[in-house]
Structure formats: C-alpha cells, structure tokens
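Trainee: Here it is: the structure, laid out below.
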C-alpha cells in the first residue's frame with residue numbers, strides 16, 4: 001500500500017508486487033512441509049492421535065503460508081485481517097457448538 | 001488501451017474499482033470456506049464415532065498419488081501467483097505462459113483423480129455398488145465423504161481452470177493488462193482457495209494411518 005520500502009516494486013495502481021523469488025521460496029517451504037507430513041504419517045504410525053494432531057498442525061501452517069503469501073493477505077489493508085478473524089471465530093464457534101452437542105448426548 | 005485513467009461519471013455503469021472487486025472476491029471465498037468447513041465438521045463427527053472403520057477404509061487410498069497431486073496443486077499455486085507478478089510488471093507474454101502452466105497442472109490433477117476414482121469403481125467402492133452396500137457402515141461413511149468432498153473439490157478445480165482460460169483470452173485481447181489486472185488476481189485467489197482446501201483434504205483422507 002505505502003511506498004516506504006525502497007526495494008519493493010509497485011504496480012501502476014500503487015499495489016505491492018510480490019517478487020518471483022518470494023513465490024519460489026513459498027513453494028519450497030510448502031513442498032518441504034508436505035514431505036514432512038507424509039513421512040510423519042508413514043513412520044509415525046504407532047502414535048495415531050499424535051499424528052492426527054501433527055498432520056492438522058502442519059496443514060494449518062501450510063494454509064496460513066498460502067493465505068499470507070500466495071493470496072497476498074500479508075500486504076492487504078488491515079480490514080482483511082479483521083475479516084479473517086471474524087470468519088475463523090465464526091467457524092470455530094460452529095465447531096465448538098457441534099462438539100458440545102455430541103459430548104453431552 | 002490506456003483508457004483506465006479517463007474520467008467516468010459516477011454510477012454510469014462504467015465504474016471500475018479494483019479494491020472493491022478484490023474485497024467482493026474475498027467475501028465470496030469466505031462463503032466457500034464455510035461450505036467446506038461444514039463438510040469438515042461432518043467428517044470430524046463421523047470420524048470420531050467410527051475411528052477404526054475410517055482407518056481401515058483409508059488404506060484403500062494411495063498415499064503417493066495423493067502426495068503427487070498435492071505437489072501439483074502447490075506448484076500450480078506458484079505459477080498463477082507468478083503470473084500475477086508478471087502481468088503487474090507488464091510482461092503479459094510470461095503471464096499467459098504461467099497461466100497455461102496452471103491449467104496444465106489442473107488437468108494433471110484431474111487425470112490422477114480420474115485414475116484414483118476409477119480404481120475405486122473397479123473395487124466396487126462407489127456408493128450404491130454391490131460391494132459398497134456390503135461393507136460396514138463406518139467405512140461406507142468414509143467413502144460417502146471421500147467421494148463428496150473430493151468430487152466437490154474437483155468441481156472447483158474445473159471451474160478454476162475455466163476462469164484462468166477466460167483470463168488468458170482477455171489478456172490476449174488486452175482487456176486485462178498491467179493497469180487493470182483484477183480478473184487475473186481474483187481468478188488467482190480462487191485457484192489458491194482450491195489449493196487451500198486440498199491442503200486439508202489430503203491429510204484427512206490419505207494420511208490417517
């Protein structure tokens with residue numbers, strides 16, 4: 001949004017441009033996390049509950065990476081962060097209510 | 001081509017607001033998140049109630065095919081993100097090439113998905129088939145969810161690829177250019193969402209064991 005950083009390129013409409021190297025670095029990190037989650041799943045078969053938690057944790061790290069860098073959220077105005085928090089809170093609320101329902105039956 | 005800076009009368013129907021366009025796309029993506037979120041909720045409950053059956057049923061899937069498809073989608077996410085970078089820098093030729101690569105990856109993903117699904121058909125594991133009706137309820141629930149969620153996801157892959165194809169056409173016509181790239185950007189956002197959903201589908205269906 002702002003032109004304060006000198007090395008960062010901007011579009012004709014003054015939007016931040018993510019560089020090719022940044023996209024490639026993001027890709028490398030995502031591939032690494034994918035291989036990690038596959039190997040943990042194959043070699044950690046004895047620790048079932050632990051692997052489910054790890055798999056979901058790694059998936060969430062990957063999802064955040066995609067959202068922040070590929071989907072450009074890191075460089076968007078603050079209102080996007082507010083939206084993300086509201087939507088996630090809404091979903092977690094649904095989740096919580098359903099879990100509560102099942103646990104109290 | 002440079003008519004983006006000319007004055008247009010407010011509410012004349014020719015207004016263009018890139019920021020609002022992107023915000024609208026994000027609002028739509030949030031509804032998509034809640035659509036798949038609901039399905040993940042169903043998955044979570046049935047898996048909790050049928051843990052062993054889900055584990056057993058998941059052995060029918062091929063982890064390596066799932067891994068390859070994950071890598072394909074992650075790579076296509078990179079190419080479409082780079083296509084946006086290229087167009088913003090004014091290199092529309094490179095943007096078109098990278099968009100084509102993304103469509104190619106989408107096709108690759110669908111081909112692998114086709115082989116996976118037809119493998120399940122051969123084993124009679126599609127809902128309604130004779131063998132399917134004979135397996136325990138928990139495993140049937142797993143396959144109901146597997147076919148519905150990956151099917152809905154594949155539908156999104158097809159729609160995303162069509163969006164990108166339309167965008168390539170418009171870049172060639174000059175309607176999408178470095179001053180006006182919202183359609184490419186929004187198609188890219190849609191494509192990343194497809195990737196994002198697969199990031200969760202992959203461990204939940206393929207990596208249970």
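Trainee: So what is log10(I(q)/I(0)) for the protein assembly as shown at q = 0.12, 0.15 1/Å, when the Debye sum runs over its Cα atoms only?
Mentor: Values returned for q = 0.12, 0.15 Å⁻¹ are -0.86, -1.24.
Trainee: Average partner chain C-beta neighbours within 10 Å, per residue of B:32-38?
Mentor: 3
Trainee: I would also like to ask the following. How crowded by other chains is A:78-88, given as the mean number of beta carbons from other chains within 10 Å of each beta carbon?
Mentor: 2
Trainee: Further question on the same structure: Once every DSSP H run of n ≥ 4 in chain B is given -39500 (n - 2.57) and the sum is divided by its residues, what mean residue ellipticity at 222 nm do you get, rounded to the nearest 500 deg cm²/dmol?
Mentor: That calculation yields -27500 deg cm²/dmol at 222 nm.
Trainee: Kindly put B:172, A:78 in sequence by how many other C-beta atoms sit within 10 Å of each C-beta, fewest to most.
Mentor: Placing the least packed residue first, the sequence is A:78, B:172.
Trainee: Within 10 Å of each Cβ of B:41-49, how many other protein chain Cβ atoms are there on average?
Mentor: Mean partner-chain Cβ count within 10 Å for B:41-49: 2.
Trainee: As a footprinting exposure proxy, order B:197, B:171 by other Cβ within 10 Å, with the fewest listed first.
Mentor: Least crowded to most crowded, the residues run B:171, B:197.
Trainee: For A:71, B:129, what's the fewest-to-most ordering of other Cβ within 10 Å of each Cβ?
Mentor: B:129, A:71
Trainee: Give, to the nearest whole percent, the P(r) tail of chain B beyond 21 angstrom, counting all Cα pairs.
Mentor: 59 percent
Trainee: Which value at 222 nm does chain A reach when only helices count, each DSSP H run of 4 or more adding -39,500 (n - 2.57), with the total divided by all residues and rounded to the nearest 500 deg cm²/dmol?
Mentor: Only helices count here, giving -22500 deg cm²/dmol.
Trainee: Now for a separate question. Would you mind checking region B:195-209 for residues with the amide N under 13 Å from a putative spin-label position 7 Å along Cα→C-beta of residue B:147?
Mentor: It comes to no residues whatsoever.
Trainee: How far, in nm, would the chain grow between residue B:115 and residue B:158 when pulled straight, counting 0.36 nm per residue and subtracting the alpha carbon separation?
Mentor: Full-extension gain reported as 13.8 nm.
Trainee: Length gain on complete extension for the stretch residue A:9 to residue A:105, per 0.36 nm per residue less the alpha carbon to alpha carbon distance?
Mentor: 28.9 nm
Trainee: Sorted by packing (mean other beta-carbon atoms within 10 Å per residue), highest first, where do B:69-81, B:92-104, B:38-50 land?
Mentor: Ranked from most to least packed, the peptides come out as B:69-81, B:92-104, B:38-50.
Trainee: Also, quick follow-up: Given the C-alpha centroids of region B:97-146 and region B:156-204, what is the distance between them in whole angstrom?
Mentor: Comparing the Cα centres of region B:97-146 and region B:156-204, I get a distance of 23 Å.
Every number here is computed from the coordinates shown, using simple stated rules; none is lab data. A quick note: this is a predicted structure, and the numbers were derived from the prediction, not measured. All Cβ positions, even for glycine, are placed from backbone atoms using ideal geometry, and neighbour counts span all protein chains on display.
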